[in-house]
Structure formats: structure tokens, C-alpha cells
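All remarks here apply to the structure that follows.
The values are calculated or read from the model by the stated rules, or taken from the named source; none is laboratory data. What you see is a predicted model, and the numbers here were worked out from it, not measured in a lab. Here the Cβ is made from the backbone with ideal geometry for all residues, glycine too, and neighbour counts use every protein chain on show.
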């Protein structure tokens, strides 16, 4: 758990107020990336995606897995197995939640016309196995989900390292930026203590000329005297 924004080492780069937001953003990014690549692989494999409720259920699954992955550092050795299992779950979930396509009825054929039609046994067999054929996995589908695992793992590892580097850079630059934003600090003039005790020369001048006049320095006054 070292070197991540959500771990003890990486969290030290963030303030206590920003730490929960960083963890939440990390979970959302991991989950959304896994879901997007899974949906794309399923579409490339020749299947379809479900509606709103189905997508919400799959998004919840991805966020739950992302919450576990975000607890530690994102490494390829741990991401690939976890994302592989997640892609399998997404594939099965997409197949279950996506309604199967029904055979299209020709236009202009009403219920009475269909009642008089004779159905071929092969048509009935194919219609009965249509949902099962929807659950089968083609080589194209397997390849698409395998590529999705590698792409997702690469994006997450690179993105996590880039985010950590950016936070470390900002922790170094931030004090300088704040100092520039505050402007130069105007220093107050330093007050030096003044000794009010009169020295021997000052006492002699005061004694000869009084306090109203300022006499010359002590050596000059001694020569004039």
C-alpha cells in the first residue's frame, strides 16, 4: 500500500480534508474505466448492452470491485487477474440483462393470417434455442474481453503513477506558488536600543554650555577650551 494516494504513504502528500475526495475519485475512475472497456468489448464481440437499470447494476458491481482495488497500489500483477474476473462477470451480466432479439414478424401479417400459417420444425427449434445462443461466447467475444483486460490494466497503472507524480510535484511547487501569491513581505524597520546614559564628553558639554546649545564633539571642544 505504498506510493498511492489512498495509502498511508501517498496520503501524506494530501491534507486530511482532501484525502477522502482523492480516494473517491480513484474508485470512480477505476470502476468507470473497467465498465467502459467491458461494454466496448461486448459491443465489438457482436452483442448488445442493456438499458438503464441493467447498466446501473453493472456499474455498482464495478464500483464495488474498484473499492477493493483502490485500497492498495495498482500493479499489473494484481490488476490482470481481478480485471479478468470482472470482465467475465460483466459478460455474463450483459448477456443476462440484455433482452434477446425476437424474430421479426413481416409487416401486413395479422393474427388471423398467422393462425393459418404452418411452422417448420426447424424454425421452432431455432426459436427455442435463440436465448441459449445468446449466452454462447464466440472467439471474437473472448478476444475482445481479453484485450479489454490488458487495456484497462495499462490505463489504470499509468494513470495511477501519473496522478501520484502530479501530487508529489504539486506538494513541492505549492509553497512557492503561495509565497508568490501573497506578494513580498514588507519588513518593519528594526529598532536598535539607544543608550540614554550621558558619557563623559556629553556631560562636559552640558556643564559648560547648557542644554540649549549643541556643542562640538568632545575633542574639538577640548582644544577650543
Which numbered condition trips up residue 22, out of (1) crowded, with 16+ Cβ neighbours inside 10 Å; (2) at pLDDT below 80? (2)
On the basis of being more than 30 Å from residue 170 (Cα to Cα), modelled with pLDDT of 65 or more and assigned by TED's automatic domain parsing to the domain that holds residue 159, does residue 68 make the cut? no
